[in-house]
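Comments concern the structure below.
The values are calculated or read from the model by the stated rules, or taken from the named source; none is laboratory data. Note that the structure is a prediction, hence the values are computed from the model and not measured. No Cβ is skipped: glycine too gets one built from the backbone with ideal geometry, and neighbour counts run over all protein chains shown. All accessible areas refer to the heavy atoms of the entire protein, side chains included, with ligands and DNA or RNA removed. Shrake-Rupley method; radii C 1.70, N 1.55, O 1.52, S 1.80 Å.
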Amino acid sequence: MDLYPLVRPLVMMMTPEFGHTLAIKALKMGLIPPQPKVNDPVLKTSLFGIDFPNPVGLAAGFDKNADAADAMHGQGFGYVEVGTVTPKAQPGNPKPRLFRLVEDRAVINRMGFNNAGMEAMAERLAARKGKGVVGVNLGKNKDTENAVDDYVLCARRLAQYADYLAINVSSPNTPGLRSLQSKEPLIEIIGGVRNVLKQLEEDGQRRPPLMLKIAPDLEPEDLRDIADVIMGEGLDVADGETGVDALIVTNTTWSREGLINWQKNEQGGMSGKPLFEASTRVLSDMYKLTNGKIPLVGVGGIETGKDAYLKIRAGASLVQLYSAMVYEGPALGARVANELAACLKTDGFTSVADAVGADHKDSE
Ligand SMILES: Cc1cc2nc3c(=O)[nH]c(=O)nc-3n(C[C@H](O)[C@H](O)[C@H](O)COP(=O)(O)O)c2cc1C
C-alpha cells in the first residue's frame with residue numbers, strides 16, 4: 001500500500017529539505033512499508049554483466065550518503081544510484097537550497113554536493129544487507145583544484161562496493177564543474193578513473209562498469225565532443241572497447257522556460273516535469289551520435305511509466321527519476337515500473353531491450 005497520499009499534506013507544510021531529511025530517516029528506520037515486489041519478466045534487463053530486475057532507477061542526489069539504498073529497492077526501484085560523494089565530507093551551500101515549484105511539478109536545488117565523504121560511504125556500503133544493484137556517483141570537493149585527483153580517489157576507495165561508478169561532471173552547483181565536460185578535461189578524468197579500475201582489476205578486484213553523467217544545457221558541438229570521447233577518442237582503449245560503459249542523460253538544467261512558480265528565479269539546477277522534453281532530446285541526440293553503441297540512462301522529468309517508456313524508445317536502456325518523488329512519494333518506483341511493463345506489452349515488446357531506440361528504428 002502507498003501511504004504517501006495520506007502524509008503528503010503534512011510533508012508539503014515542511015521545508016523541502018526537512019521533508020527530505022525526514023524521509024531518509026524514516027526509510028532508514030524501516031518506517032515506510034515496502035511495495036509489493038515488481039517482478040514482471042518483461043522488465044528484466046541485463047547490461048554489462050549486471051542483472052536489473054527492472055530498468056527504473058533512483059537518480060543520484062536523493063540518497064547522497066547511502067543511508068537508504070536497501071529501503072529504496074523495497075520501494076520498487078530496480079537499482080539505486082547513491083551520491084554524489086566527494087573524497088572529504090562537505091556541508092554544501094547555505095540553506096535554503098531546495099525549492100518545490102508545485103504548479104510546475106518542478107524542483108530547483110543548489111545543494112552543492114553536501115555529503116559525508118567517501119569514508120562514511122564506504123562504511124555504509126560495506127554494512128549493507130541488501131543485494132539490490134547500487135551505483136555510486138562520484139564528484140569533487142568544492143576546494144579541490146585538480147578535479148581528476150578527487151574522481152580517482154573516490155573511484156579507488158569505492159569501486160569494491162559499487163555495481164557501477166558514475167562520473168558526475170554536470171551538477172550546476174559546484175563552481176567550474178560543468179566545464180569539465182569539454183574534451184581535454186573529460187579525457188583526463190575518464191582516463192584517470194579507467195587507469196584506477198584497470199589497476200584494481202590487475203590486483204584481482206572486480207572492475208565495475210563506468211558511466212558518465214552529462215548536463216542538458218550543451219551545444220551540438222559539445223555533444224559531438226562528448227560522443228567522441230565516450231567512444232574512446234584520446235583514451236587508451238582496446239579494439240571494440242569504448243571510453244565509458246554508459247552515459248547518463250541528463251542532470252538538472254539552467255533553463256527556466258515555461259515556469260510559473262514565484263520561486264522560479266532561485267539559483268540552481270531545475271528538474272522535474274519541465275525538464276522532460278529537453279533531457280529526452282539530448283538523449284535522442286546522443287543515441288544518434290553514438291550509433292546506439294553505448295547504453296544510455298534516461299533521466300529528467302519522469303513521472304509515469306509512459307514517460308519512462310518514451311525515454312526507452314528515444315534510446316535509453318535504463319531510466320532514473322528523483323523530482324517526481326517529491327510530489328508522489330517513494331512508492332513511485334514501483335508505480336512507474338509497473339506502468340512501464342504495461343506500455344511495453346501494449347506495443348508488443350517482449351523485453352525492455354527490444355524497445356530501446358524504437359523511435360529511431362521507426363524513422364529509418
Ligand atoms: C535535490 C536534488 C539533488 C540532486 N543531487 C544530485 C547529485 O548529488 N548528483 C547528481 O548527479 N545529480 C543530482 N541531482 C540530479 C538528479 O539525479 C537528476 O539527474 C535530475 O534531477 C533530473 O531527474 P528528475 O527530473 O527525475 O529529478 C539532484 C536533483 C535534485 C532534485
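Checked against the criterion of being touching a Ser or Thr at 6+ places or on another chain (Cβ under 7 Å) and among the polar types (S, T, N, Q), the candidates ASN65, ASN115, ASN39 yield just one match: ASN115. Does any residue of the stretch 26-33 turn out to be within 13 Å of the ligand (Cβ to nearest atom), of a type outside the set (Val, Ile, Thr) and closer than 22 Å to VAL7 by Cα? Among the residues of the stretch 26-33, not one is within 13 Å of the ligand (Cβ to nearest atom), of a type outside the set (Val, Ile, Thr) and closer than 22 Å to VAL7 by Cα, which makes the answer no.
Contact annotation: residue pairs with Cβ atoms under 6 Å, 6 or more positions apart or on different chains, pairing a residue in the stretch 272-293 that is open to solvent by less than 60 Å² (accessible area, probe 1.4 Å) with a partner that is more than 16 Å from the ligand (Cβ to nearest atom), are LEU283/GLY315; SER284/GLY315; ASP285/LEU223; TYR287/GLY315; TYR287/GLY357; THR290/ALA227; GLY292/GLY357.
Of all residues in the stretch 112-124, none that is more than 8 Å from THR86 (Cα to Cα) has its Cβ atom under 8 Å from the Cβ atom of a residue that is part of a strand (DSSP E or B) and of a type in the set (D, E, K, R), 6 or more apart or on another chain.
Of everything in the stretch 43-60, what is more than 13 Å from the chain's Cα centre (by Cα) and either within 22 Å of ARG206 (Cβ to Cβ) or open to solvent by 10 Å² or more (accessible area, probe 1.4 Å) (or both)? Give them in sequence order. Let's see the steps before the verdict.
First, pick out the residues of the stretch 43-60 that are more than 13 Å from the chain's Cα centre (by Cα): 43-54.
Correct list: LYS44, THR45, SER46, LEU47, PHE48, GLY49, ILE50, ASP51, PHE52, PRO53.
Take the residues in the stretch 295-306 that are hydrophobic (A, V, I, L, M, F, W, C) and within 21 Å of PHE349 (Cα to Cα), then tell me which one is farthest from the ligand (Cβ to nearest atom). Ranking the candidates gives LEU296 first.
Within the stretch 226-277, which residues are assigned to a loop (DSSP other than H, G, I, E, B) and of a type in the set (A, V, I, L, M)?
Listed by number, the residues that qualify are LEU235, VAL237, ALA238, VAL244, LEU259, ILE260.
Restrict the check to the stretch 61-80 and report whether at least one residue is of a type in the set (Gly, Ala, Ser), under 24 Å from GLU145 (Cβ atoms) and under 16 Å from the mean Cα position of the chain (by Cα). No, the conditions are met nowhere in the stretch 61-80.
The helices (runs of 4 or more DSSP H) falling completely within the stretch 300-364 that include 3 or more residues that are closer than 26 Å to PHE62 by Cα and open to solvent by less than 20 Å² (accessible area, probe 1.4 Å) map to 305-314, 324-328, 332-346.
If only residues of the stretch 61-109 that are of a type outside the set (A, V, I, L, M, F, W, C), open to solvent by 20 Å² or more (accessible area, probe 1.4 Å) and not in a loop (DSSP other than H, G, I, E, B) are counted, the one that is nearest to the ligand (Cβ to nearest atom) is ASN109. Taken together, the residues in the stretch 233-257 that are away from the ligand (no atom under 14 Å from the Cβ) and open to solvent by 10 Å² or more (accessible area, probe 1.4 Å) amount to 13.
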